[in-house]
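The structure under discussion appears below in the form of structure tokens.
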Amino acid sequence: MRIPLAALVAALLALSAALAAAKPSVSTYELGAKVVGWAFDGSRLVLAFSNGTLAAYVMPHFEPAARAHISGLDALVGMGSLEGGALALAFSNGTIAYLEPSTLGVVGREAVSVRGSLYRAHVRGRWVVLVSKYDFAAEGGVVKLDRLDVYDTKLRAPVLTMERKNSLLVYVFDVKISGSLMLVTWIDTTCKICELDDVFVTVFNLSSYERVFIKRFGGCAADLEGGVAVAVRVKDGRGLYVDLRSGKTYEFQVSGRPLQVRVVGGFGYVLTQSPDGSVLLYRVRGSEVTQLLRLEGGERGYALLLLNGSVGIASPSCITSGGQSLEVAPYPVPWPPRVVADGGDYAAVLYGYSLLSVLGSPRLSVRLLVRTEPGATVAVEGLNATAVADSEGNATLSVPPGTYRVSAWKEGFERNETTVRVTPPFVEVTLKLRRAALVPRPPNGTSVVPPSANQSSLDGRSVTERNPAPYSGALGGSNATPVTGGRAAELNVSRLVDALGALTQLRRQPPSRPPSLPTVYDLRGRPIHLDKGLKLVVFFYTKCAGCSLIVSALKNISGLEVVMVAPSTLDDETSLSAYARGVNASGWAWVLDGSRGLIDTFNVTAFPTLVLLNNGRVEFIGVGAAEEAGWLAESVLWRLEQLAGLLRDPAVGAALIGVALLLLSRRLEREV
């Protein structure tokens, strides 16, 4: 069969046009104002300008979608997208503003207490990580030190703090957040030369307040994503690949000085610069290292970006991706690049403060619908593509055809993943999540105690936690019994003051209640109003050894109502009633959380969990396994002492007088 020449030419021209359209292209925009912050949620890029303008653009065509004006943007220290799509902006005075993403209208504000001057904030998921500087009186004079506070926007409360007195923190170099994991690189000395060898790499689980990894590694570039952390040392190119799910750590080696590290789909991508100026791109998994790319050097800066599932390099002159180098602008660009959005088939790179390059690469996309738990995060491995499930549990992503590992996770649930073959035009998959009754122990067996703990040694291999001096008297008068497992502790007034001082980082916030604080009913059908009075809510289950220890210690507390809450997935009315009879604690309320409403309200992921409520306000949250149970009891007692002066409750005041008499009598006994 003969094909007409005209038809053949038309087909070739159409093919040529299609191939040309599929090639990446760069569009560069002069924004006309200084960019002071940005946030990216996967489809919309929001830019904050120093003149007070907020502007949202739909990617990849950079189409204007919304515009608003907010005063004080020149004091912006960080912004980002939260769970559910809302935006959060953090300002230097400690104010956090919440914005509706489609209109950029402010829907709420709150003030967070910070120590000193707030100068940096990281926003992701449900967390706002605040880094501030404060004056510290040292032997040689006053020095400026860093303090790091993690603020939970769901609980409206600070949940973790690092500073000099509780973790030896002096300066924070970098913070990365992935899911409920947070990576921090920091140092415990003001010595500049020591930065080569004394920088720590630490990973926290923010949902359980555990520290799951720590190593004194030295100055490094590091990143965290999907349970994998990668760090490369500046001094010699030595690297660490840490699989936080299995607890395994691998070492590797690259050439040159590390410029940047990114973790994507379980792989670490390391960008280095050799002494001759050339730039090298490596891919790392475990201890295996593969060199992917080598470029001639001489540029003022470089940055890694993700496009179509592959990692590229941005420089002031060009963007290299998929084997092609695309010119950024027809004139020399004097500023280093900063990637403000990437993933999928486009990326956005900011040069200086007002020049934005958008790199697009059209491709065939397939709609992938994942049905899971509402609010769960869904990710496609290897594409850096994520989405948050809506109120019905549906998450939609656009991905190219292929076979991928798709995972879903949510705090309080076990992670689930599966392999999916994506073919046009539409693919649907279900990833059911099962509730996690207990938080797994960290791989190395160490855990971080919430902010009141003092860390006594950090040697890069293991961590020794040392709590402040235990408070031996419960709030019950001069005949109070010890809360340290029945063993009286050696006490003096100064040690007690030190213990109370360790809690100053948990300062009371302006009135703010947990969402949908319900009225619950105990086993006798009596209503429990959680928004009234001073209440200690204890989440536990009857076969939890650590919970039993804390129940025994808390029986000595007076001046507040104790509400014991057990989930119906682990207990029933019969087992809870029998346990209550055995405890025989007068005045306690016992609640079976049949719908897990309270469990979800306070995002309980580990037992025991203690929540101290003062007229509905969260004053304290403590989480721990069996070995931390004693600390939890002591922490609640310390917190109650701190609240006593503010509450002006006669019963609590009388109890404090009893405590003071007990301490005085013990001190006199030792002096005699």
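The values are calculated or read from the model by the stated rules, or taken from the named source; none is laboratory data. Since the structure is predicted, the reported quantities are computational estimates derived from the model, not experimental observations. Positions of Cβ are generated from backbone atoms using ideal geometry, with glycine treated the same way; all protein chains shown enter the neighbour counts. The accessibility values were calculated without ligands, DNA or RNA, using every heavy atom of the protein model including side chains. Shrake-Rupley method; radii C 1.70, N 1.55, O 1.52, S 1.80 Å.
Nonpolar atom fraction for the range 156-276, defined as the carbon and sulfur part of the 1.4 Å probe accessible area, stands at 48 percent. Extending 7 Å from Cα along the Cβ direction at residue 325 and again at residue 86 yields two label points whose distance is 4.7 nm. Solvent-accessible surface of the range 55-112, averaged per residue with a 1.4 angstrom probe and all protein chains in place: 42 square angstrom. Summing +1 for each Lys or Arg and -1 for each Asp or Glu among the other residues whose beta-carbon sits under 14 angstrom from that of residue 426 gives +2. Summed over the residues of the range 277-329 and divided among them, the accessible surface reaches 43 Å² per residue at a probe radius of 1.4 Å. Quotient of the Cα radius of gyration of the range 135-199 and 2.2 N^0.38 Å, N being its number of residues: 1.27. Carbon-plus-sulfur accessible fraction, the range 310-402 (probe radius 1.4 Å, protein heavy atoms only): 53%. Take 325-335, 71-81 and order them by the average number of nearby Cβ atoms within 10 Å per residue, most first; the result is 71-81, 325-335. In this structure, the pairs whose alpha-carbon distance is over 32 Å, taken from 215/543; 215/432; 432/532; 215/555; 154/215; 248/535, are 215/543; 215/432; 432/532; 215/555; 248/535.
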